[in-house]
Amino acid sequence: LWLLFLLVTSLLVVSFTHWVYRWRNPKCNGKLPPGSLGLPLIGETIQFLIPSKSIDMTSFIKKRKMKYGKLFKTNLVGRPVVVSLDPDFNHYVLQQEGKLVELWYMDSFGKLLNSDVTAAVTGYIHKYLRNLVLNHFGPEALKGNVISQLEETIDRKLQVWSKLPEFEVKKNSASMIFDITARMMFGYESEKSGENIGEYFTDFLQGIISFPLDIPGTPYHNCKKNQKKPLKLITELLNERRDNPEIRKGDFLEQIVEDTKNHDFMTDEFCIFVMFGLLLASIEAISATLVLTIKYLSENPSVVELLEEEHEAILKNRENPDSGLTWNEYKSSMTYTHYVMKESLRMASVAPGILRGVVQDIHVDGYVIPKGWTLMVIPSAIQMNPDTYEDPLTFNPSRWKNIGANTTTKNFIPFGGGARTCAGAEFSKLLMGVFLHLLVTKYRWEKIRGGEVGRSPALGFGKGFYVKLSAKQG
């Protein structure tokens with residue numbers, strides 16, 4: 001009996017040892033990049049998710065960069081991953097969509113946005129969606145009456161905030177951006193509904209990059225719970241518009257309803273999750289960047305003075321003092337404002353990583369990234385690189401006076417890169433520009449409390465950032 005027990009135990013030990021060995025030494029047609037795959041099943045996920053108390057790249061990335069260089073392997077949530085911190089390689093590989101790499105999402109993201117929908121957004125469907133977004137949020141669309149809509153909504157929100165003893169910037173910014181984006185997409189007016197749907201999108205990014213554990217208290221579970229209300233709203237609006245074809249608003253939803261007649265892939269579920277995904281992307285990215293901008297402006301009064309000078313000049317040069325901001329003013333008279341926006345986007349690096357699935361072995365610097373693995377590009381590591389940006393942790397908008405296209409092409413990727421560059425990039429920048437115009441011409445503000453910045457690995461603000469906003473006199 002003892003011999004049998006020893007034999008079984010020995011076999012189990014050998015099998016387990018072999019399994020661990022195969023885990024740590026996966027098959028590869030060449031030499032894998034240096035690094036560690038961590039523990040079986042969970043890899044280095046726990047280390048990856050450990051929060052840092054700095055806006056710099058996380059300690060997980062920083063330590064491995066020092067140890068292994070700009071290219072290293074790891075394992076996150078059970079997936080073998082190669083992390084690239086090399087701007088040249090990143091620029092090259094992001095241009096290889098459909099050849100060497102394809103779009104890939106973490107399991108939690110796929111489940112929250114419906115895995116069937118995320119898997120379908122390739123090739124022709126991706127081109128269709130990109131053109132759809134550009135039709136309503138691209139530069140040509142923004143030259144119309146979008147600026148006046150933005151100015152109206154933002155001005156109204158700032159007036160409300162200025163009457164409060166204090167307000168939390170992230171949650172209120174998220175609510176404002178939801179109101180703006182939802183109005184443009186499907187004519188939703190929050191004032192008439194009496195509900196603050198925008199609050200359900202706050203901190204959604206934390207759940208997207210977490211373990212997909214649907215257990216009360218986990219970030220993923222909270223995301224699933226918060227997702228229900230917006231999905232219900234979008235479903236109701238889609239059904240209402242379809243049942244009432246006489247309603248003509250010329251918006252995003254109208255085009256989607258029309259296009260469902262001609263495209264088999266555009267099921268109700270597809271349309272609902274696409275609209276939810278676009279709302280989420282706009283709200284999370286822009287709100288976090290606005291918080292960071294207001295925080296750094298609060299700490300740099302000299303920057304605020306330069307902004308005020310620029311925007312007061314815009315007001316003085318108008319033939320009609322009561323007219324609103326124009327596209328020409330935004331593009332031609334806000335040079336320093338664009339520096340501020342670029343600096344905020346550089347430092348925010350809201351997306352923890354840009355993910356691509358590897359569809360063919362990729363050879364780089366003597367290493368092989370195997371087919372079936374995942375490639376992760378880390379924007380914060382690129383945009384906080386001291387070799388490119390002097391004193392990268394310092395908020396210095398004036399640095400952009402001397403930074404040309406040769407630098408930004410590979411070292412400034414707040415909106416991604418390649419064929420997947422965010423189609424709503426110009427909309428995001430315009431919204432920020434209009435917000436800053438109204439903020440510095442009409443208001444003063446002071447920090448009340450909070451504002452601690454960190455990454456987990458998504459950009460976060462601890463217990464919030466509270467500000468007192470006051471209307472300028474005279």
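Remarks
- Residue in the stretch 397-420 that is in contact with a Cys (Cβ under 6 Å, 6 or more places away or on another chain), surrounded by 15 or more Cβ atoms within 10 Å (Cβ to Cβ), within 16 Å of Arg346 (Cβ to Cβ) and not polar (S, T, N, Q) present: yes
- The stretch 311-345 - residue that is among the acidic types (Asp, Glu) and surrounded by 18 or more Cβ atoms within 10 Å (Cβ to Cβ) and, of those, farthest from Thr293 (Cα to Cα): Glu329
- Residue among Glu191, Glu152 that alone is modelled with pLDDT of 90 or more, acidic (Asp, Glu), within 22 Å of Lys442 (Cβ to Cβ) and surrounded by fewer than 16 Cβ atoms within 10 Å (Cβ to Cβ): Glu152
- The number of residues in the stretch 446-474 being more than 23 Å from the chain's Cα centre (by Cα) and either farther than 21 Å from Ala348 by Cα or surrounded by fewer than 15 Cβ atoms within 10 Å (Cβ to Cβ) (or both) comes to 10.
- When the stretch 292-318 is limited to residues that are basic (Lys, Arg) and part of a helix (DSSP H, G or I), the one that is farthest from Trp445 (Cα to Cα) turns out to be Lys316.
- Scanning the stretch 255-289 for residues that are over 26 Å from the mean Cα position of the chain (by Cα) and either part of a helix (DSSP H, G or I) or under 19 Å from Asn196 (Cα atoms) (or both) gives Val257, Glu258, Asp259.
- Filter pass, Glu269 being charged (D, E, K, R) and under 27 Å from Leu436 (Cβ atoms): no
- Residue among Lys371, Lys342, Lys316, Lys401 that is among the basic types (Lys, Arg) and touching a helix residue (DSSP H, G or I) at 6+ places or on another chain (Cβ under 6 Å): Lys342
- Which listed residue, of Ile177, Ile208, is among the β-branched types (Val, Ile, Thr) and modelled with pLDDT under 90: Ile208
- Boolean, Val350 is in a loop (DSSP other than H, G, I, E, B) and either surrounded by fewer than 23 Cβ atoms within 10 Å (Cβ to Cβ) or out of contact with any helix residue (DSSP H, G or I) (no Cβ under 6 Å at 6 or more places or on another chain) (or both): yes
- Residue selection: Pro33 satisfies the criterion of being crowded, with 18+ Cβ neighbours inside 10 Å and either modelled with pLDDT of 90 or more or not in a helix (DSSP H, G or I) (or both).
The values are calculated or read from the model by the stated rules, or taken from the named source; none is laboratory data. The model shown is predicted, which means the values in this text are computed figures rather than measured ones. Note: ideal-geometry Cβ built from the backbone for every residue, glycine included; neighbour counts use all protein chains shown.
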